[in-house]
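Student: There's a structure below that I have some questions on.
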Amino acid sequence: MIVLFLPVSVSAGNIYHLPAGAAEAGMGSVCVMQTGFWSSFQNQASLAFNNYLSAGINYENRFSLKELGTRIAGIIIPAGNASLGMIYSHFGYSCYRREMAGLGCGLLLSENLAAGIQIDYFTEKTPGEYGNHQAVICEAGLLVTPRENIRIGVHIFNPVPNSLRKVFMPVTIRTGVGIELDKGLFAGAEAEMSSGRRLVFKTGFDYEAVKNFRIRGGFCTENNAFSFGLGYTVKFLNLDLSFTTHEKLGITSCASMIFKIL
Amino acid sequence: MTIFATFAVKQKPILILFWLIFLSELIIRPAYCQDESLSQIIMTIIEEFAADESDPEATAIFIEQLHELSENPVKINSGDEDEISRLFFLNDFQVKAIADYIKTTGELVSKYEIANIPGFDRQTAELILPFVFIEDNSVISLPSPVWRNTLLTNFIIRPGENDTSYLGSPAKVLSKYRFTAGHFSGGITAEKDQGERLLDGKPPLTDFISGYLSYTGSRFLKRIILGDFGACFGQGININTGIHTGLSLTAPGYMQGRNETKPYTSTDENNYLRGGAAEFTFRDLGISLFFSRSRIDATPGIREDTSDFTVTGFYKTGLHNTSSLLMKKDIVTETSMGANVTYDFGFLRAGVLWSAGSFVPPVSLQSGNPEDLFDFSGKTCNIYSFYYNSQFRKVLSYGEISFNNLRNLAMAQGITAKLSDRLAVNFLYRYYAPGFHTFHGRGPGSGSNTCNEKAMLGNFTFEAAKHLFVSAGAEIRNFPWLRYRISCPSMARKYEIRMKYIPSENLTFDCSFTSRFSMLDSNESQGINGLSGTSDRLFRFSAKYSPGENLVLSSAVNYMISGHDDSRGMLMRQDIVYRLRQAPLTLWIRYCIFNTGSWYTRLYTYENDLLYSYNVPALSGDGCRSYAMVKWEIGDMADLRVKYGITTLAHENDLMENRDEIRVQLIVRF
C-alpha cells in the first residue's frame, strides 16, 4: 500500500497534485512556466495561452503496475481573454481509488502577465473500515513574460492555512523559469516544495529535432529521476510519450493525445 | 491509514472569493504601485543579521532606521548634506559626493543615476533606491513653524499563547508620539512588552518610556537634545548606540556613517543615553558634548570578599514580564559623559573623542570562570579615541584607535578602493583586546561586544558582464581569549559569494552561497575539553519581478546544511505585494513552506510588518508560515495596518500545532 503514496518526481511528494502530462513528464516534469495543454492544469495561468478548443487524454503507468495507473481527461474552452479548463483524473484500482475533478480559469491580464485559479474536488474510496472521503481545495498560479523568450511561472496548490482544517493537508509551492534559447529549443528549471517534503529541483529541455517531431529530456532531484520523451504533431493531433526512471522502483511511462478541435 | 483523514477539509468559499476579487482587480486596473519599501539587498542583510544572533538588538535598530527613512524619504535632489546624511548607511564622503554631483551637474533625473556618482556602484545605489525621493524636491524649504504631530500605536497579540507566569496581559503595545515645529521637535515613546503590566510603578507608567526635546540650528549651534538620545562618533568603537558596520560580507563598504547625536526613538531599553547633548560647528571645526544619567537593568549580587552590593551581569532584553525579571529592572545607575572634537581638512577628517562612564553600585562581571577573566569590574571606565577618514582619488581610508583606561587597545582600520568602474574592493582589519570595555560602543563587525577579537575582512564587487554583478567576501576572526562554551583561544571563518543578475529594472535574480566555520568545546568526558570545528553552509536564491507598478512578485529558496548534526534545512516562499488603484489599499501576502532537520538548520526569513516593528522568524521543523497584511491609507491623516500571520507545525502522528498572531497599527498625523 505504501507504494500508492510514493511520488515519482512529478509532484514532489504531494500525492494529490495532478501528474504532469506526457509532454511535460518527458522533460522532468518542468511545467509551471509552460503553456502546453497539460501544463495548463499544472499552472492555471497557462490556460490563457490556449486559444483553441482542445481536448486531451493522458495515461500514466507508474512503475509498470496497472494498479498504479492514472487516467486523465481534460478539455480547454477559450473565451476571449480567458480560457476555461475542465479536468478529470482517476488513480488506483478496485481496492483504492482516488478521483479528482477540476474546473479552472486562466486570464490574460496584460501583455506580460496571466493569472489563473482552479477549484478541485477530490474523492478517495477504500473498501472496509476506512470509508470514503471528499475534499474541495483550490489552486492558483501566475505566469509572467518579462521578455519575449523568457517565462516565469508561480503556482500554489491548496493555499488554505492548515489551521482552518482539522488535519494536515499538503501544500505545494512551485516556481520556475523557462527560456526559448533558440528556435525550437526550450529549456526550463523549476523548484518545488510540499509540506513535509524536501525541496525538489527539476530541469529539462524540449527540442524540435525535425519538423513536427520533438525530443525531450529532464532531471529531477527527487529520487534522482531522469526523464526522456518524444512528441509528434499530425495536423490537429499531438502525440506524446515519456519515460521517467526511479532509483529503485523502475520506470514510469506516460502517453497522451491532444486534439485541437477549433 | 491516517491519510484518509486529510479529506476532512472544509470548503473555503472566502478564499475563492478573495482570488476572484484579486484577479478582477488586476484586469480592471493597470499598473500602479510604489509600495515596495525594502529592496532585496536590505532584506538579505536583515536575514543575515538575524541569523548571526550575536547582536539581536541591532536588527531592531536597523529596521527601525529603515522604517523612518521609508516613511520620510530623503529629498536627494536638494543637494543638502544634512538631508542626504539621513541615509545613515552612507559615509561622509558618499554624502558629500552626492551633494557635489547635484551642485555641479544638476538634479538627478532617475534614481539609477546614483550608480554613476563617484564612490557609488550599482549595489550601493540599489540600497538607497527605496529611501530617496526624486520628484519636486529641488528646494529644501525652511522648517515650517506649523506644529505637526504624529501618533503611532502598535498592538500585537498572539491569541494561542497564555503564559500564567506573566504579570500582565499578553499583548504587546507600543506608542510613539512626535511633533515638529520649526527648528524644534520632540517625542515620547512608550512600550509594554508581552506579559508586562500596562501601567506600573509610581507614578504609573508603561514598562519603558522615553522622550526628548530637540533643537536643530543651521549655524554655530547645530543641534541640542534634552532627554533621551543616541550618539555615534568615529568608527563607533567608543560610542555607537546605533548599528555597526560589517553586517554583510559583501557590503559595498564598512566605514561608519557621520558623527552625530540624534534623538532616541527606539525601544531598546538599555542602550541609549539620557540627559543632554549638544553639537557645535565653527567652519571646519565640530564639537559635540554629552552628559547622561540613566538606570539600566542588571542582575544584582553580593561580593564575596567585601559583602558589598554589586552587579554581576547586565540584563539586555528589556523583558520584565515575570516577578524574577522585574527584580532586574533599573538596578544600576549609569552616568556617562563625553566630548568629541573633529576637524575637516578637506581630504582628511580627523577627530578625538573622550567618554567616561561610572556605575552605582559597582559592577563585577568576573564570575571566577576563566572566560570572564577580562570582563569589566569596577566603577568607572574611561575611553580615549582618535579616528580619521580620508579620501585620496578612488581610495577611501578610515580608522579608529581607542584605549580603555589607557591600558587596553581597540582599533579598526579599513580601506575601500574603486579600482575600476567595474571593480571595487574593501578591506577591514580590527583588533579588540580581551580587556577592552565599552558600554555604548559597537565597532565595525564587532557583534554585541567590542572585545576579544582580532579579525580581517575583505571583499570585492565586480560587474562581470552586462547586468551581472558578482561579489565575494571572506572574514577570518581570531578570539585571543576564551568565550562562552569555548575553553581555548579559537577562531571562526566566513565566506560568501553572491551573484546578482538584473536584466531589467523590474526583474532581479539574486543568488548567494555562505559558509561559516566556528569552534566549540568538544565535550570530552575526561580531561581538558578540546575544540571541534563545524561548518554551516547556506544557499539562497531569490527572484523578484514587477510586471506593473502595482504588483511585485518574489520567490525565494533557501537551503542550509549544518555541520553540527549533518542535518538539512530548506525553505521555499512566494510573496505578492499588490496595491489597488482605486482604493488606497496595499496587500502583502506570503506563503512559505519549510522543512528543517534540526534547530541547527533553522532558516530566517524577513517579513514585511508594521512600521517600527519587525519580524524575522526562525523557521524550524516541518510546516508552513503564511501571512496577509493590508494597509489602508486614510487620506493624508492616517494609516491603518492589519497583519495576520500563522505558523503551522506538523508533529508526529499528524498532530498539528498552530501559532497565530494579529498585529494592528494606527498612525495618525495631525
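The values are calculated or read from the model by the stated rules, or taken from the named source; none is laboratory data. Owing to the predicted nature of the structure, the values given are computational and were not obtained by experimental measurement. Reconstructed Cβ throughout: ideal geometry from the backbone, glycine too, with neighbour counts over all protein chains shown.
Student: Would you mention how many residues in region B:530-580 are away from chain A (no Cβ under 14 Å) and within 23 Å of B:K500 (Cα to Cα)?
Tutor: Matching residues across region B:530-580 total 2.
Student: Sticking with this one: What are the residues in region B:587-611 that are farther than 28 Å from A:R197 by Cβ and at pLDDT 90 or above, if any?
Tutor: Looking only at region B:587-611, we keep the residues that are farther than 28 Å from A:R197 by Cβ, and these are B:587, B:609-611.
Residue satisfying the conditions is B:L587 alone.
Student: Being within 30 Å of B:T164 (Cα to Cα), in contact with a Pro (Cβ under 9 Å, 6 or more places away or on another chain) and touching a residue at least 60 places away in the same chain (Cβ under 8 Å) is the requirement here; does B:K316 meet it?
Tutor: yes
Student: If you scan region A:202-224, which residues turn out to be under 27 Å from B:C624 (Cβ atoms) and under 15 Å from the mean Cα position of the chain (by Cα)?
Tutor: A:K202, A:T203, A:C220
Student: Just to verify a result, which residue in region B:589-603, among those that are part of a strand (DSSP E or B) and crowded, with 22+ Cβ neighbours inside 10 Å, is nearest to the other protein chains (Cβ to nearest Cβ)?
Tutor: B:I593
Student: Does A:R98 meet the test of being farther than 28 Å from A:N149 by Cβ, under 16 Å from the mean Cα position of the chain (by Cα) and basic (K, R)?
Tutor: no
Student: Within region A:215-227, is there a residue that is among the aliphatic types (A, V, I, L, M), within 13 Å of chain B (Cβ to nearest Cβ) and assigned to a strand (DSSP E or B)?
Tutor: Within region A:215-227 (the criterion being among the aliphatic types (A, V, I, L, M), within 13 Å of chain B (Cβ to nearest Cβ) and assigned to a strand (DSSP E or B)), the answer is no, since none of the residues qualifies.
Student: With the requirement that a residue be in a loop (DSSP other than H, G, I, E, B) and at pLDDT 85 or above, what does region B:612-627 give you?
Tutor: B:P617, B:S620, B:G621, listed by residue number.
Student: Follow-up. Residues being in contact with a helix residue (DSSP H, G or I) (Cβ under 9 Å, 6 or more places away or on another chain), under 30 Å from B:N506 (Cα atoms) and free of Cβ contacts under 8 Å to residues at least 40 places away in the same chain: count how many of those fall in region A:110-133.
Tutor: Within region A:110-133, residues that are in contact with a helix residue (DSSP H, G or I) (Cβ under 9 Å, 6 or more places away or on another chain), under 30 Å from B:N506 (Cα atoms) and free of Cβ contacts under 8 Å to residues at least 40 places away in the same chain number 2.
Student: Of the residues in region B:522-567, how many are in a strand (DSSP E or B), surrounded by fewer than 18 Cβ atoms within 10 Å (Cβ to Cβ) and of a type in the set (D, E, K, R)?
Tutor: 1
Student: Would you kindly identify the strands (runs of 3 or more DSSP E) lying entirely within region A:86-201 that contain at least 3 residues that are at pLDDT below 85 and within 10 Å of chain B (Cβ to nearest Cβ)?
Tutor: The strands (runs of 3 or more DSSP E) meeting that bar are A:131-147.
Student: Look at A:E129 and say whether it is farther than 20 Å from A:M27 by Cα and in contact with a Pro (Cβ under 9 Å, 6 or more places away or on another chain).
Tutor: Working: farther than 20 Å from A:M27 by Cα: yes; in contact with a Pro (Cβ under 9 Å, 6 or more places away or on another chain): no.
Answer is no for this residue.
Student: On to the next question. Name the residue, out of A:T175, A:T244, A:T221, that is among the β-branched types (V, I, T) and free of Cβ contacts under 8 Å to residues at least 24 places away in the same chain.
Tutor: It is A:T221.
Student: Hey, another quick one. If you scan region B:392-402, which residues turn out to be in a strand (DSSP E or B) and not aliphatic (A, V, I, L, M)?
Tutor: If the condition is that a residue be in a strand (DSSP E or B) and not aliphatic (A, V, I, L, M), then B:F392, B:S397, B:Y398, B:G399, B:E400, B:S402 are the ones that fit.
Student: Checking the conditions here, which among B:T648, B:T586 is buried (at least 18 other Cβ atoms within 10 Å of the Cβ) and either touching a helix residue (DSSP H, G or I) at 6+ places or on another chain (Cβ under 7 Å) or assigned to a loop (DSSP other than H, G, I, E, B) (or both)?
Tutor: B:T648
Student: Suppose we keep only residues that are more than 25 Å from the chain's Cα centre (by Cα) and assigned to a strand (DSSP E or B) within region B:417-437. Which one would you say is surrounded by the fewest Cβ atoms within 10 Å (Cβ to Cβ)?
Tutor: B:S420
Student: Of all residues in region B:367-391, count the ones that are in a strand (DSSP E or B) and not aliphatic (A, V, I, L, M).
Tutor: Of the residues in region B:367-391, 14 are in a strand (DSSP E or B) and not aliphatic (A, V, I, L, M).
Student: Yes or no: B:Y212 at pLDDT below 90 and either at negative phi or surrounded by 14 or more Cβ atoms within 10 Å (Cβ to Cβ) (or both)?
Tutor: Working: at pLDDT below 90: no; either at negative phi or surrounded by 14 or more Cβ atoms within 10 Å (Cβ to Cβ) (or both): yes.
No, not satisfied.
Student: Is it fair to say B:F462 is outside the structural domain of B:G242 (by TED's automatic domain parsing), assigned to a strand (DSSP E or B), more than 25 Å from the chain's Cα centre (by Cα) and not basic (K, R)? Let's see the steps before the verdict.
Tutor: Values: outside the structural domain of B:G242 (by TED's automatic domain parsing): yes; assigned to a strand (DSSP E or B): yes; more than 25 Å from the chain's Cα centre (by Cα): yes; not basic (K, R): yes.
Considered against the rule, which asks whether it is outside the structural domain of B:G242 (by TED's automatic domain parsing), assigned to a strand (DSSP E or B), more than 25 Å from the chain's Cα centre (by Cα) and not basic (K, R), B:F462 comes out as yes.
Student: Which residue, of B:F233, B:F229, B:F184, B:F220, is surrounded by fewer than 16 Cβ atoms within 10 Å (Cβ to Cβ) and in the same structural domain as B:S390 (by TED's automatic domain parsing)?
Tutor: Details: B:F233 fails: surrounded by fewer than 16 Cβ atoms within 10 Å (Cβ to Cβ); B:F229 fails: surrounded by fewer than 16 Cβ atoms within 10 Å (Cβ to Cβ); B:F184 fails: in the same structural domain as B:S390 (by TED's automatic domain parsing).
The unique qualifying residue is B:F220.
Student: Here is a follow-up. Looking at region B:94-117, which of its residues are surrounded by fewer than 20 Cβ atoms within 10 Å (Cβ to Cβ) and in contact (Cβ under 8 Å) with a residue 40 or more places away in the chain?
Tutor: Listed by number, the list holds a single entry, B:Y112.
Student: So, one more: With the requirement that a residue be in contact (Cβ under 8 Å) with a residue 60 or more places away in the chain, under 24 Å from B:N154 (Cα atoms) and facing chain A (nearest Cβ under 10 Å), what does region B:641-670 give you?
Tutor: B:N658, B:R659, B:D660
Student: Search region B:479-492 for residues being of a type outside the set (A, V, I, L, M, F, W, C), surrounded by fewer than 17 Cβ atoms within 10 Å (Cβ to Cβ) and without any contact (Cβ under 8 Å) to a residue 60 or more places away in the chain, and hand back the single one that is farthest from the other protein chains (Cβ to nearest Cβ).
Tutor: Among those that are of a type outside the set (A, V, I, L, M, F, W, C), surrounded by fewer than 17 Cβ atoms within 10 Å (Cβ to Cβ) and without any contact (Cβ under 8 Å) to a residue 60 or more places away in the chain, it is B:P480.
Student: Among the residues of region B:290-310, how many are assigned to a loop (DSSP other than H, G, I, E, B) and of a type in the set (F, W, Y)?
Tutor: Going through region B:290-310 one residue at a time, the tally reaches 0.
Student: Separate question: Of all residues being surrounded by fewer than 18 Cβ atoms within 10 Å (Cβ to Cβ) and assigned to a strand (DSSP E or B) in region B:628-640, which is nearest to the other protein chains (Cβ to nearest Cβ)? Just the residue, please.
Tutor: Among those that are surrounded by fewer than 18 Cβ atoms within 10 Å (Cβ to Cβ) and assigned to a strand (DSSP E or B), it is B:A628.
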